[in-house]
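First comes the structure, then the notes that go with it.
The values are calculated or read from the model by the stated rules, or taken from the named source; none is laboratory data. Keep in mind that this is a model prediction, so the values were computed, not measured. Cβ placement follows ideal geometry from the backbone for every residue including glycine, while neighbour counts extend to all protein chains displayed. The area values use the complete protein model at the heavy-atom level, side chains included, leaving out ligands, DNA and RNA. Shrake-Rupley method; radii C 1.70, N 1.55, O 1.52, S 1.80 Å.
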Amino acid sequence: MSRRGALVAAGLPVAVVALLASAAGPAAAGTAGAPGVNDPYFPLAGNGGYHVKHYDLTLGYDPGTRHLDGRAVITARSTQQLNRFNLDLNGLKVTSITVDQATAAFSRDGQELVVTPRKSIAKDREFRAVVTYSGIPEPVTDPDGSLDGWIPTDDGAFVAGEPQGAMTWFPANNHPKDKASYDFTVTVPQGRSAVANGVLLGQTTSGGRTTFRWRQSEPMAAYLATATVGTFKVEQYTTPGGLKVYNAVDPREAAASAPVLKKLPSVLDWESKIFGPYPFRAAGAIVDHAPKVGYALETQSRPVYDRAPDLSTLVHESAHQWFGDSVSLTTWKDIWLNEGFATYAEWLYDEQHGGQSAQKTFDDLYATPADDELWSFAPADPGSGEHIFEAPVYSRGAMALQKVRQAVGDKTFLRILRTWATDNRDGHGTTAQFIRLAERQSGKKLDTLFHTWIGTAGKPSRP
């Protein structure tokens with residue numbers, strides 16, 4: 001993700017991505033699913049007692065009235081006996097819920113939708129919940145003041161869910177470790193497009209409305225889902241390697257976007273050579289005209305940009321497809337694993353494409369004064385959700401990776417990055433796991449290095 005307020009002092013573009021936690025969450029008392037997974041920064045995010053396998057979302061949106069009609073079919077497996085369970089849903093009116101085709105009772109408590117099925121669900125059993133809902137979705141305001149979720153635009157909606165926003169437009173187990181596959185069926189007025197994740201299965205127009213069907217087959221965290229709506233110029237092609245690319249660009253951003261989007265295949269090819277095979281079946285970009293948003297997000301397989309991106313931002317959001325999307329977090333505290341890695345991808349790309357070396361970028365940043373915000377907190381512990389998109393997470397996180405590179409050598413360092421991305425594909429990772437991997441691959445003790453560069457606040461005494 002790229003929050004423009006977090007740009008480093010050296011003027012380097014940065015971006016953003018994620019969080020994670022336990023799919024089942026802590027064991028709940030009795031047979032009630034937990035209302036959260038106790039993430040230290042977002043304690044109500046996610047829900048305990050079950051794991052979602054698939055979301056089938058059917059949506060209808062009218063940009064004129066901003067009204068959304070939704071039906072979510074959620075296929076899940078219980079991880080404990082459940083006589084009730086929670087979903088995250090902020091606002092919107094729920095009109096009915098069924099569980100395994102039987103009408104279920106439900107209540108609302110803030111962002112918690114509490115569902116009581118007619119019959120208790122046994123442990124380790126697959127079940128299906130169908131939630132019908134409607135209303136005018138409202139974005140949430142994140143601790144850093146940014147809007148997040150279903151954000152209305154002058155011709156549709158910019159839909160970006162990090163870290164909390166998925167619950168503004170569909171009921172979800174809204175924590176990154178609970179990843180699932182998705183189907184989207186989105187109907188909008190004719191002349192508008194609805195762009196979601198994965199592969200476009202088809203589109204049909206009837207009665208002045210167009211329906212788009214999308215499928216994201218690989219596991220995806222809820223915050224990475226999108227169904228952005230707007231008036232877009234669409235470009236589709238298949239790369240020589242068989243990757244389906246779908247770009248949707250607001251005409252107001254088309255001229256500025258074209259030179260950068262032309263480089264997308266070569267950027268993905270370069271990243272695939274460095275980090276391992278591209279992890280998804282589809283790729284592309286959504287370039288909206290949403291000047292009030294202020295950031296881009298690495299929505300899975302197809303990042304969404306609030307305006308025409310520059311090349312560094314494209315590299316950053318594309319790198320997140322490996323670091324953050326395919327390999328996801330288990331807690332928001334570890335977000336440097338997303339942002340530090342994607343920022344370092346920018347440095348490495350510059351170094352290998354005629355720009356300055358990653359070491360020079362490191363040196364420029366190290367020259368910033370000790371009271372600069374870059375040194376204000378430890379990248380591996382931002383302290384709260386208010387700080388997860390700030391400079392230490394991005395730039396100092398990338399600086400830590402450059403220190404690892406210095407310590408282990410280029411060949412081993414690149415092997416560490418590739419192994420991390422490939423061994424954890426479609427899964428999750430923690431800071432502790434990455435440190436163990438780096439030490440195992442290099443044969444070196446790196447605990448002091450990591451403690452200095454990601455585990456403590458303040459400017460290290462030596463570069």
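Grab the beta carbon distance between residue 445 and residue 199, set R0 = 35 Å, and tell me the FRET efficiency rounded to 0.05.
0.20
On full extension of the chain, what length is gained from residue 116 through residue 190, given 0.36 nm per residue of separation minus the C-alpha to C-alpha distance?
22.7 nm
Rounded, prolate or oblate: which fits the chain when a ≥ b ≥ c are the square roots of the eigenvalues of the alpha-carbon gyration tensor, with rounded for a/c under 1.5 and prolate only if a/b beats b/c?
In terms of gyration-tensor shape, oblate.
Taking residue 119 as the anchor, which aspartates and glutamates have their alpha carbon closer than 14 Å to its alpha carbon, excluding any fewer than eight residues away along the same chain?
Residue 119 reaches 100.
Looking only at the range 231-337, where both bridge partners belong to it, what percent of the DSSP beta bridges are antiparallel (to the nearest 5)?
Expressed as a percentage, antiparallel bridges in the range 231-337 total about 45.
With a Förster radius of 56 Å, plug the Cβ-Cβ distance of residue 372 and residue 154 into 1/(1 + (r/R0)^6) and report the FRET value to the nearest 0.05.
0.90
If amide H atoms are built 1.01 Å from N in the plane of the peptide, which residues on other chains or at least 5 residues away come under 5 Å of the amide H of residue 327?
The answer is 426.
Return one whole number: the accessible area per residue of the chain in Å², for a 1.4 Å probe.
For the chain, the per-residue accessible area is 36 Å².
Please report, in Å, the Rg and the Dmax of the range 64-217, where both are computed over Cα atoms only.
In Å, with Rg to one decimal and Dmax whole: 16.3, 47.
Using the Karplus equation 6.51 cos²θ - 1.76 cosθ + 1.60 (θ = phi - 60°), what ³J(HN,Hα) coupling, rounded to whole Hz, does each residue of the range 34-46 give in order, writing x for Gly and Pro?
My calculation for the range 34-46 gives 6, x, x, 10, 6, 4, x, 9, 9, x, 8, 5, x Hz in order.
For a Förster distance of 41 Å, can you work out the FRET efficiency between the beta-carbons of residue 419 and residue 256, rounded to the nearest 0.05?
Taking R0 as 41 Å, the efficiency between residue 419 and residue 256 is 0.65.
Need the C-alpha centroid separation for the range 82-117 versus the range 155-170, integer Å.
20 Å
Would you rank 69, 372, 124 by solvent-accessible area, highest first, keeping every protein chain in place and using a 1.4 Å probe?
124, 69, 372
Cross-link candidates for residue 244: which lysines have Cα within less than 26 Å, leaving aside residues fewer than 8 places away along the same chain?
53, 179, 233, 262, 263, 273
How would you classify the range 167-268 from its alpha-carbon gyration tensor, with a ≥ b ≥ c the square roots of the eigenvalues: rounded for a/c under 1.5, else prolate if a/b is greater than b/c, otherwise oblate?
Note, shape of the range 167-268 comes out oblate.
Counting each DSSP H run of 4 or more residues in the chain as -39500 (n - 2.57), what helix-only mean residue ellipticity at 222 nm follows after dividing by all residues, to the nearest 500 deg cm²/dmol?
Taken over the chain, the calculation gives -6500 deg cm²/dmol.
How would the range 302-397 be classified by its alpha-carbon gyration tensor: rounded, prolate or oblate, with rounded meaning a/c under 1.5 and the a/b versus b/c comparison settling the rest?
In terms of gyration-tensor shape, oblate.
How large is the charge dipole for the chain, taken about the Cα centre, if only the Cβ atoms of Lys, Arg (+1) and Asp, Glu (-1) carry charge, to the nearest 20 debye?
Taking the Cα centre of the chain as origin, the dipole is about 1280 debye.
Output ³J(HN,Hα) for the range 53-59: one whole-Hz value per residue in order, computed from phi by the Karplus curve 6.51 cos²θ - 1.76 cosθ + 1.60 with θ = phi - 60°, and x for Gly and Pro.
3J(HN,Hα) across the range 53-59, in whole Hz: 9, 7, 10, 10, 10, 10, 10.
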